[in-house]
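Q: Pasting a structure here, questions to come.
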Amino acid sequence: MVIAPLAACSTGGGSDGSQGTTTITFSYLWSGPEAESLEKIIADYNASQSEVKVIGVSSPDFQKQLTSMSSSNGSFDISDNFGDVVGSWASKGILAPLDDYNIDMSGFVPSSLTQMKYGGKTYSLPIAIHSQLLMYNKKMFADAGVQVPTTMDELADAALALTKTDADGNITQLGLGEAAPGATQRMIAAAFGGSWWDKDGQPTPLNDGNIQAMTWYQNLVNKIGPDKIAKFVAGYGQYQSDQDPFFSGKLAMRIDGEWNGVGIPKVAPGLEWGVITIPGASPQYKDTTEVTASTLFIPANSKHKEAAAKFLAYMVSPDAMKAFTVALGNMPALTSLLDSSADYSAIENFSAFADALKSPNAYAPSSAVSAGEYMTDLNKAFDSIASGNETPKKALEQVESRVSSYSK
Amino acid sequence: MSLRRPASAQTIPSSARKPGDRSSRRALWLGLAFASPFIIGFLFLFAYPIAASAFYSFTDFNLFQTPRWVGLDNYSQMFGNPTFWQSLGNTLYLTVIGVPLAIIISLAGAHLLNFPVKGQPLYRALVYLPSIVPIVVGGYLWRWLLNTQYGFLNYFLGLFGIDGPAWLQEPDWTKPAILLMTFWTVGGTTIIYLAALKDVPQELYEAAEIDGAGAWRRFLNVTWPMISPVTLFQVIVTLIAFLQIFTQPFILAQQRLNTPSAGPGGSMLTFAMSLYQNAFAFLKMGYASGMAWILFVLTLVITLIVLATSKKWVHSANN
């Protein structure tokens with residue numbers, strides 16, 4: 001944690017007058033193999049020109065990133081995050097608008113740019129887009145003689161059939177789990193026609209579809225036993241590690257993203273997994289998927305915005321974006337790359353995630369100013385629902401009561 | 001070597017010097033110069049932030065834009081916010097249970113470490129060792145120890161036929177998990193108690209024994225009064241530490257990418273965690289400053305209450 005700011009200080013001096021080279025710091029949230037892939041792209045860029053020298057720093061902490069941008073002198077010149085923070089950060093003047101720089105914004109998948117704008121200006125650009133679908137363990141389905149579900153009722157039946165317990169009643173295999181706390185609950189709402197935001201991005205926790213989805217979820221959890229599930233989940237290992245419950249064959253289904261197409265072959269090469277769209281409670285709500293974007297932005301306190309914009313333009317150019325997204329197993333945000341998916345054919349189940357983007361029921365989460373506070377309160381409500389402590393309506397009413405206090 | 005007063009002090013008695021005298025002003029400036037590291041540090045690192053946070057608590061301030069005066073809005077919002085009360089409740093729960101238990105465990109540990117047995121220095125070092133492990137490192141270690149699938153704690157309980165709970169997933173067990181992690185580092189308190197025990201005059205025990213006092217009576221009538229000033233110090237320091245508890249629940253509740261988290265059902269959200277989330281995750285610095293002042297006043301009041309009661313139970317030369 002100490003290295004990043006020191007590195008930034010030592011390299012943030014900017015222009016190396018004698019050579020006309022501007023040095024900028026790229027602080028990114030990626031780490032491990034993803035960071036290694038990114039460093040190769042940075043090295044290629046540095047080798048390709050002498051105008052801008054980029055120093056990459058892996059710093060995978062959201063809150064550290066945010067506080068680093070609060071001082072008058074920025075410790076980095078370009079960084080990454082997700083699309084849902086753009087509105088909140090742009091409204092507070094944290095991000096520099098990108099419209100005045102010479103960056104080609106014409107080739108992006110149109111829906112991927114929706115979250116990038118605030119007040120008519122573009123504050124971030126997507127380097128990758130993500131969709132989330134229902135991943136399942138093929139062997140577990142075959143062993144249990146369960147067909148892949150096509151409705152939410154079938155999904156509930158499959159989740160129950162694929163849940164196994166030992167002689168003491170402890171769960172040894174769970175039918176439907178989560179990639180992150182609250183993720184499944186948030187995403188199944190759309191399968192019931194629900195939405196957590198209105199068209200203006202304002203919170204709508206009490207939407208009928210949301211309550212129906214949470215009732216469906218609570219019924220499913222109650223049939224298995226909230227305490228048993230809590231105990232099983234408490235034994236989860238680290239996400240995308242050997243101990244990841246889906247990777248290690250302890251979880252039959254979970255809603256998760258396309259990056260698993262690279263992660264699973266690396267960590268659990270023998271795992272036979274498939275992907276289907278999230279079933280709909282009724283036909284008009286089938287094929288829902290949450291579309292998010294990994295974004296690049298220039299903080300308002302950067303002293304080298306011009307140089308950072310040049311590097312940003314390079315990062316979202318077809319060659320760099322392809323190198324980055326293929327390495328990470330992400331979907332490119334440029335239409336030209338997305339349509340020529342041959343480059344991505346080696347990534348397991350990639351086409352299913354890419355096809356999901358075309359669904360009329362694909363949606364992007366709000367990037368409203370209050371998104372962070374709202375998601376925190378929603379996760380708390382999801383906990384209450386999953387543990388059976390509150391009815392869905394009551395838990396979501398409590399969130400609704402908090403909405404008026406959110407940052408505007 | 002004899003001590004000699006400075007020449008100026010020898011020729012002009014201090015009582016004869018007037019405040020406006022040149023030498024007096026020089027002494028003042030010299031004193032201020034020597035004290036300047038503290039004065040400057042205090043002004044910039046304490047006085048200014050304290051004054052600024054008091055001002056910010058009456059503003060809508062997000063770190064990035066000019067604060068906007070909102071009067072008492074932050075405080076009224078706070079008192080109407082269930083998350084505020086939940087975080088306060090969680091903190092008081094940890095404090096009320098954690099402080100007495102930490103004191104009891106430390107004192108019991110100090111007694112064990114005071115027995116004249118072979119290898120005692122090694123045992124003392126082992127008890128103190130967790131205190132020097134960085135708290136974040138300890139936190140991640142405990143996340144694994146408390147894991148129901150791979151953790152050592154439930155495995156150990158299983159050896160005795162006990163089906164361990166889901167420590168970090170069941171709201172009823174998250175706070176005991178935090179307390180366990182906290183008690184792991186009572187070595188510092190234990191060592192201070194050990195020093196206090198060694199300071200108790202041996203003749204008092206001998207006199208008590210002659211009077212027929214057993215071990216428990218000796219503890220109650222000799223040990224406890226004699227170490228009560230140390231206990232007062234320990235209680236106040238431990239109390240403040242629990243009221244400000246942050247790192248242990250923060251690490252245990254942490255999720256991927258360090259997004260704001262509070263444990264299942266918000267059961268691990270302490271006051272300091274909530275303050276941090278409001279300040280640095282939701283960028284509500286004005287609201288968070290108000291929370292800081294509430295915590296300060298709460299800590300002050302509780303500390304004053306403890307000090308007021310101390311006259312009744314702390315033994316001193318005058319008491």
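What follows is calculated from the coordinates using simple rules that are stated; it is not laboratory data. Treat the numbers as computed from the prediction; the structure is a model and nothing was measured. Here Cβ is always computed from backbone atoms with ideal geometry, including for glycine, and neighbour counts include all displayed protein chains.
Q: If you project the alpha carbons of the range B:82-313 onto their three principal axes, what span does each projection cover, largest first, in Å?
A: 65, 46, 28
Q: For an R0 of 51 angstrom, estimate the FRET efficiency from the Cβ-Cβ distance between B:Ser131 and A:Lys223 and round to the nearest 0.05. Mind dumping the intermediate values first?
A: Numbers: r = 47 Å, r/R0 = 0.92.
Efficiency computed from Cβ-Cβ geometry: 0.65.
Q: Ordered by residue, what ³J(HN,Hα) values in Hz, to whole numbers, does the range B:134-140 give under the Karplus form 6.51 cos²θ - 1.76 cosθ + 1.60, where θ = phi - 60° and Gly and Pro are x?
A: Along the range B:134-140, the couplings run x, 5, 5, 4, x, x, 5 Hz.
Q: Straight-line reach from A:Lys223: which lysines have a Cα under 28 Å away, not including same-chain ones fewer than 8 places off?
A: Filter leaves A:Lys138, A:Lys139, A:Lys164, A:Lys231, A:Lys250, A:Lys286, A:Lys380, A:Lys393, A:Lys394, B:Lys175.
Q: How large is ³J(HN,Hα) for each residue in the range A:190-206, as worked out from phi by the Karplus curve 6.51 cos²θ - 1.76 cosθ + 1.60 (θ = phi - 60°), to whole Hz, x for Gly and Pro?
A: 5, 5, 10, x, x, 7, 8, 9, 8, 5, 8, x, 8, x, 9, x, 8
Q: Of A:Lys92/A:Lys303; A:Lys121/A:Lys303; A:Lys117/A:Lys408; A:Lys199/A:Lys305; A:Lys64/A:Lys303, which ones are farther than 24 Å apart at the Cα?
A: On the way: A:Lys92/A:Lys303 18 Å; A:Lys121/A:Lys303 20 Å; A:Lys117/A:Lys408 17 Å; A:Lys199/A:Lys305 33 Å; A:Lys64/A:Lys303 19 Å.
Over 24 Å apart, Cα to Cα: A:Lys199/A:Lys305.
Q: What is the calculated FRET efficiency for B:Trp184 to A:Ser248, with r their C-beta to C-beta distance and R₀ = 30 Å, to the nearest 0.05?
A: Details: r = 29 Å, r/R0 = 0.97.
The calculated FRET efficiency here is 0.55.
Q: Same structure, new question: Can you tell me the convex hull volume per residue for the range B:201-241, based on C-alpha atoms, in Å³ to the nearest whole number? Mind showing how you got there, number by number?
A: On the way: hull volume 2.5 nm³, N = 41.
Per residue, the Cα convex hull of the range B:201-241 comes to 61 Å³.
Q: Quick one: grab the alpha carbon gyration tensor of the range B:108-244, order the square roots of its eigenvalues as a ≥ b ≥ c, and give me rounded if a/c is under 1.5, else prolate or oblate depending on whether a/b is larger than b/c. Walk me through the numbers on the way to the answer.
A: On the way: a/c = 2.26, a/b = 2.00, b/c = 1.13.
Prolate shape, in that a/c is at least 1.5 and a/b is the bigger ratio.
Q: Measure off 7 Å from each Cα along the Cα-to-Cβ vector at B:Ala33 and A:Asp143, then give the distance between these two points in nanometres to one decimal.
A: According to this spin-label approximation, the distance is 8.1 nm.
Q: If I take the Cα coordinates of the protein assembly as shown and project them onto the principal axes, what are the three extents in Å, biggest first?
A: So the three principal-axis extents are 93, 74, 51 Å.
Q: Summing -39500 (n - 2.57) over the DSSP H runs of n ≥ 4 in chain B and dividing by its residue number, what mean residue ellipticity at 222 nm do you reach, to the nearest 500 deg cm²/dmol? It would help to have the intermediate numbers written out before the result.
A: Working: 16 runs with 207 residues, N = 319.
Here the helix-only value at 222 nm equals -20500 deg cm²/dmol.
Q: To make sure I understand, if each residue's beta carbon is the centre and we count other beta carbons within 10 Å, what order do A:Leu95, A:Leu29, A:Leu312 fall in, fewest to most? Don't skip to the answer; put the middle values down first.
A: On the way: A:Leu95 26, A:Leu29 20, A:Leu312 23.
Fewest-to-most ranking of A:Leu95, A:Leu29, A:Leu312: A:Leu29, A:Leu312, A:Leu95.
Q: Something else: No solvent, one uniform scatterer per C-alpha: report log10 I(q)/I(0) for chain A via the Debye equation at q = 0.10 1/Å, two decimals.
A: Calculated log10 I(q)/I(0) at the listed q: -0.70.
Q: While we're here: Most fluctuating residue of B:Ala241, B:Ala207, B:Ala52 in a GNM of chain B with Cα springs under 10 Å: which is it?
A: Checking each option, the largest mean-square fluctuation is seen for B:Ala207.
Q: Calculate the tail of P(r) for the range B:30-170: the fraction of all Cα-Cα distances greater than 23 Å, expressed in %. Could the numbers behind the result be given before it?
A: Values: 6869 of 9870 pairs.
It works out to 70 percent of all Cα pairs.
Q: Among the lysines, select those whose C-alpha is under 17 Å from the C-alpha of B:Lys311, and discard any that sit fewer than 8 residues away in the same chain.
A: none
Q: Shielding by partners for A:226-234, please: the mean number of other protein chain Cβ atoms within 10 Å of each residue's Cβ.
A: 6
Q: List the residues whose amide H sits under 5 Å from the amide H of A:Ala362, counting only those 5 or more places along or on another chain, with H placed 1.01 Å from N in the peptide plane.
A: Residues meeting the criterion, in which the H sits 1.01 Å from N, are A:Thr289.
Q: Could I have the simple spin-label model distance between B:Phe160 and A:Thr150, label points 7 Å from Cα toward Cβ, reported in nm to one decimal?
A: Simple spin-label model gives 5.5 nm for this pair.
Q: Right, another one. Say R0 is 22 Å: what FRET efficiency, to the nearest 0.05, do B:Phe233 and B:Lys312 get from their beta-carbon distance? Don't jump to the answer; show the numbers that get you there.
A: Values: r = 17 Å, r/R0 = 0.76.
Efficiency, from the Cβ-Cβ distance: 0.85.
Q: Of all chymotrypsin sites (Phe, Trp or Tyr not before Pro) in the range A:116-174, which ones are in loop regions per DSSP and have a Cβ with at most 12 other Cβ atoms within 10 Å?
A: Working: sites: A:Tyr118, A:Tyr123, A:Tyr136, A:Phe141; in loops: A:Tyr123.
Nothing satisfies the criteria.
Q: Residues with amide H under 5 Å of A:Thr122's amide H, sequence separation 5 or more or different chain, H placed in the peptide plane at 1.01 Å from N; which?
A: Amide H to amide H, under 5 Å and 5 or more residues apart or across chains, A:Thr122 pairs with A:Leu98, A:Asp99.
Q: Which order do A:Phe232, B:Phe246 fall in if you start with the one that has the fewest other Cβ atoms within 10 Å? Each step should come with its number before you reach the end.
A: Details: A:Phe232 26, B:Phe246 17.
Starting with the residue having the fewest Cβ neighbours, the order is B:Phe246, A:Phe232.
Q: Could you put B:Ile302, B:Ile178, B:Ile132, B:Ile104 in order, starting from the residue whose Cβ has the fewest other Cβ atoms within 10 Å? Present the calculation step by step, with values, prior to reporting the outcome.
A: Values: B:Ile302 16, B:Ile178 28, B:Ile132 9, B:Ile104 12.
Fewest-to-most ranking of B:Ile302, B:Ile178, B:Ile132, B:Ile104: B:Ile132, B:Ile104, B:Ile302, B:Ile178.
Q: Starting from one equal scatterer on each C-alpha and no solvent at all, send me the Debye-based log10 I(q)/I(0) for the range A:331-408 at q = 0.14, 0.21, 0.25, 0.27 Å⁻¹, two decimals.
A: -0.70, -0.89, -1.08, -1.19
Q: Taking amide H atoms as placed 1.01 Å from N in the peptide plane, list the residues 5 or more away in sequence, or in a different chain, whose amide H sits under 5 Å from that of A:Leu357.
A: Those qualifying (amide H under 5 Å, at least 5 residues apart or on another chain) number zero.
Q: On to the next question. Assuming a viscosity of 1.567 mPa s and a temperature of 4 °C, what translational diffusion coefficient in µm² per second does Stokes-Einstein assign to the range A:32-107, Rh being the Kirkwood radius over Cα pairs? Walk me through the numbers on the way to the answer.
A: Working: Rh = 14.7 Å.
Using the Kirkwood radius from Cα pairs, D works out to 88 µm²/s.
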